[in-house]
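One structure is given here, and the rest of the page talks about it.
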Amino acid sequence: MDRIVAIGLRFFRIPLRGELAWGRQNRMDVLEHALVEVHLESGVVGRGEVAIRPTIYGETKESVLGAIRYLEPLILGQSIADAPALRTALDRLPFNHAARGGLDLALWEARAKAGGLELKDLLPPGRDQVEVAYILGLGDDEVVLEDAAFAYARGVRVFKVKVGRDLEGEPGLEVTRGFFRGKRLVGVSVELGVGKASPKPFDPPRVALEVPSHLHLEHPHPPRVGEGGVLEDHLIVPEAQDIGHLD
């Protein structure tokens, strides 16, 4: 089977339709990504994508470049068919999950192509279709309404609503609640922009009830601790680690 002869890395940017805002300090109007390319001696190229989110995944362009260059000499010359050996090489870098994941994807695609297959043949998907999710930031009423209507009109029925720690001070939250009311949705996931060190008291059930049609409350949020340091486990809304769990 083909051997790996080169690993390429290209950075690129994806402009958003508009600024994505959540909380009072978080803003994003462009996505920073990287394309990892694994080249085989036969000319086959496998590709994988890296999402660079310093405040979410803790990885920057510089750390992604460093991670790929660190793994490169451990992978070059290996047979693309030797999945266990390549896994051992990847495991030499215990963190940098986004960079390592992008390289892993590229290796799997190269392996599939080298065998005359598509990636879905080598790694059969669990389902043929999935719901498209849309992240809805908060801001001026007109901007929020236009953004929500844009996605809903195109068939999106799963929304992630980003809110900050100051629920009552969130601009656009009232109009967001009004927009969701009465809509036929698969799910709404509320992501709470608070960390474990947040000094403000926080009540997840109250937040959930603020958003009609809400199905899940998404982490992260600080756990509520009762008397004697016992974690309270009687939340009245389902919780989830990410919106990806929604069918």
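Hand me the chymotrypsin sites (Phe, Trp or Tyr not before Pro) from segment 61-147 located in a DSSP loop with no more than 16 other Cβ atoms within 10 Å, in residue order please. Loop-located and lightly packed - Phe95.
When the trypsin sites (Lys or Arg not before Pro) in segment 19-84 are filtered for DSSP coil states and for at most 14 other beta-carbon atoms within 10 Å of their beta-carbon, the remaining sites are Arg24. Collect residues whose amide H, placed 1.01 Å from N in the peptide plane, falls under 5 Å from the amide H of Val161; neighbours closer than 5 in sequence don't count. Excluding prolines and chain starts, which carry no amide H, the hits are Leu136, Ser189, Val190, Glu191. The amide H of Glu59, built 1.01 Å from its N in the peptide plane, has Arg53 as neighbours under 5 Å, considering only residues 5 or more places off or on other chains. Of the residues Ala34, Val5, Thr55, the one whose Cα sits farthest toward the positive end of the charge dipole of segment 1-118, with +1 on the Cβ of Lys and Arg and -1 on the Cβ of Asp and Glu, is Thr55. Short to long, the 10 Å bins of the Cα pair-distance histogram for segment 56-159 hold 12, 28, 25, 22, 11, 1 percent of all pairs.
Positive contributions from Lys and Arg (+1) and negative ones from Asp and Glu (-1), summed over other residues with Cβ under 10 Å from the Cβ of Phe12, come out at 0. Placing a pseudo-label 7 Å from each Cα along the Cα-to-Cβ vector at Val130 and Arg181 gives an inter-label distance of 3.3 nm.
Counting 0.36 nm for each residue step from Glu41 to Leu145 and taking away their Cα separation leaves a gain of 32.3 nm.
Here the 3J(HN,Hα) profile of segment 79-94, calculated from phi with Karplus coefficients 6.51, -1.76 and 1.60 at θ = phi - 60°, is 6, 5, 7, 8, 4, x, 5, 5, 5, 4, 5, 4, 6, 5, 10, x Hz, Gly and Pro shown as x.
Computed from label points 7 Å out along Cα-Cβ, the spacing between Lys120 and Thr55 is 3.6 nm. Taken one residue at a time, the phi angles of segment 63-72 give Karplus couplings (6.51, -1.76, 1.60, θ = phi - 60°) of 6, 5, 4, x, 5, 5, 5, 5, 7, 3 Hz. Gly and Pro are set to x.
Put the Cα centre of segment 1-65 next to the Cα centre of segment 96-166 and the gap is 14 Å.
Near the amide H of Phe11, within less than 5 Å, lie the amide hydrogens of Leu35, all on another chain or at least 5 residues away, with H placed in the peptide plane. Simple spin-label estimate for Ala81 and Gln25 gives 5.4 nm between the two label positions (7 Å along the Cα-to-Cβ direction from each Cα). Per residue, the convex hull spanned by the Cα atoms of segment 1-71 amounts to 100 cubic angstrom.
Residue-wise HN-Hα couplings along segment 137-144, as the Karplus relation 6.51 cos²θ - 1.76 cosθ + 1.60 with θ = phi - 60° gives them from phi, are x, 10, x, 4, 3, 5, 5, 5 Hz; Gly and Pro carry x.
Coordinate-derived values only; no laboratory data. Note that this is a predicted model, so its numbers are computed, not measured. A quick note on method: Cβ atoms are made from the backbone with ideal geometry, for glycine too, and the neighbour counts reach across all protein chains shown.
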